[in-house]
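The values are calculated or read from the model by the stated rules, or taken from the named source; none is laboratory data. None of these values were measured; they are calculated from a predicted model. Heads up, the Cβs are rebuilt from the backbone with ideal geometry, glycines too, and the neighbour counts pull from every protein chain shown. All accessible areas refer to the heavy atoms of the entire protein, side chains included, with ligands and DNA or RNA removed. Shrake-Rupley method; radii C 1.70, N 1.55, O 1.52, S 1.80 Å.
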Amino acid sequence: MDVTELTFETEVIERSLSVPVVVDFWADWCGPCKALTPVLEREVAARASRVALTKVDVDANPRLAQHYDVRGIPAVKAFRNGEVVDEFVGAQPPQSVAAFLDGLIGPADEAVDATSEADEPEDEPAGPSMLETLQETGEFPQILGPLAEDDHERAMEWLLGELEGADADTRDRIREIMVGLFSELGVEHPASVHYRRRLAAQIY
């Protein structure tokens, strides 16, 4: 959806009170913008109604670009509760865009049909915690102690340290575990915000 200075308040700020809204600041003359747009559209579509995607033409809406300090394009900013909670600049590969969205809402494969979810009994037990999952799989025993002590920060710090030099499968698994930890803490928890940005920076 294309938004303008007139519709931004309704389509982005107000809408972000109920669902995260990703804004793609772009321009028609920008080659990297045209490369990024289909990637964004595909990854957002994979997450169904859990996130909304909008586009702002910076040439047609210079005041919006100035207000949100857009200095280079494409510039992608994620809004939640009316505020920018995450962002990146420049064209990114699909896996990086996926990591950005996962950090905002959780992995695409965890999407739940809203109708089915509403029909579930309210007292149905939640799924296993990340600690329980890792205890079962035997993965990353180094973080079991910190997680057992609810020291998520120490666990995520260790995971970030393992990213460098890791193979693609291990990097993907570390990202999945960290996204799971973000969900357990709550996406707006200070530790989630801090480590989501660090995770995105290392993956990008």
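Restricting attention to the stretch 6-24, the residues that are under 20 Å from VAL70 (Cα atoms), among the charged types (D, E, K, R), assigned to a helix (DSSP H, G or I) and in contact with a strand residue (DSSP E or B) (Cβ under 7 Å, 6 or more places away or on another chain) add up to 1. Within the set GLU149, GLU188, the sole residue that is out of contact with any helix residue (DSSP H, G or I) (no Cβ under 8 Å at 6 or more places or on another chain) and closer than 30 Å to VAL19 by Cβ turns out to be GLU188. If you go through the stretch 38-47 one residue at a time, do you hit one that is acidic (Asp, Glu), within 25 Å of SER192 (Cβ to Cβ), out of contact with any strand residue (DSSP E or B) (no Cβ under 6 Å at 6 or more places or on another chain) and buried (at least 18 other Cβ atoms within 10 Å of the Cβ)? Within the stretch 38-47 (the criterion being acidic (Asp, Glu), within 25 Å of SER192 (Cβ to Cβ), out of contact with any strand residue (DSSP E or B) (no Cβ under 6 Å at 6 or more places or on another chain) and buried (at least 18 other Cβ atoms within 10 Å of the Cβ)), the answer is yes, since at least one residue qualifies. Flag: GLY31 does not match the condition of being surrounded by fewer than 19 Cβ atoms within 10 Å (Cβ to Cβ), in contact (Cβ under 8 Å) with a residue 60 or more places away in the chain and over 15 Å from the mean Cα position of the chain (by Cα). One residue stands out among those in the stretch 57-94 that are assigned to a helix (DSSP H, G or I) and touching a helix residue (DSSP H, G or I) at 6+ places or on another chain (Cβ under 8 Å): the one that is most open to solvent (accessible area, probe 1.4 Å), which is PRO94. Of all residues in the stretch 165-204, those satisfying the criterion of being of a type in the set (Ser, Thr, Tyr) and within 23 Å of GLU132 (Cα to Cα) are THR170, SER183, SER192, TYR195. Limited to the stretch 177-189, what total is found for residues that are at pLDDT 80 or above and open to solvent by 70 Å² or more (accessible area, probe 1.4 Å)? So the count comes out to 1. Taking each residue of the stretch 88-103 that is touching a residue at least 60 places away in the same chain (Cβ under 8 Å) and closer than 22 Å to ARG71 by Cβ and looking for partners that are open to solvent by 30 Å² or more (accessible area, probe 1.4 Å) and assigned to a strand (DSSP E or B) with beta-carbon atoms closer than 9 Å, six or more apart or interchain, yields PHE100/GLU87. Condition (residue is closer than 18 Å to THR133 by Cα, among the acidic types (Asp, Glu) and in a helix (DSSP H, G or I)) applied to the stretch 155-164: is it met by at least one residue? No, the conditions are met nowhere in the stretch 155-164.
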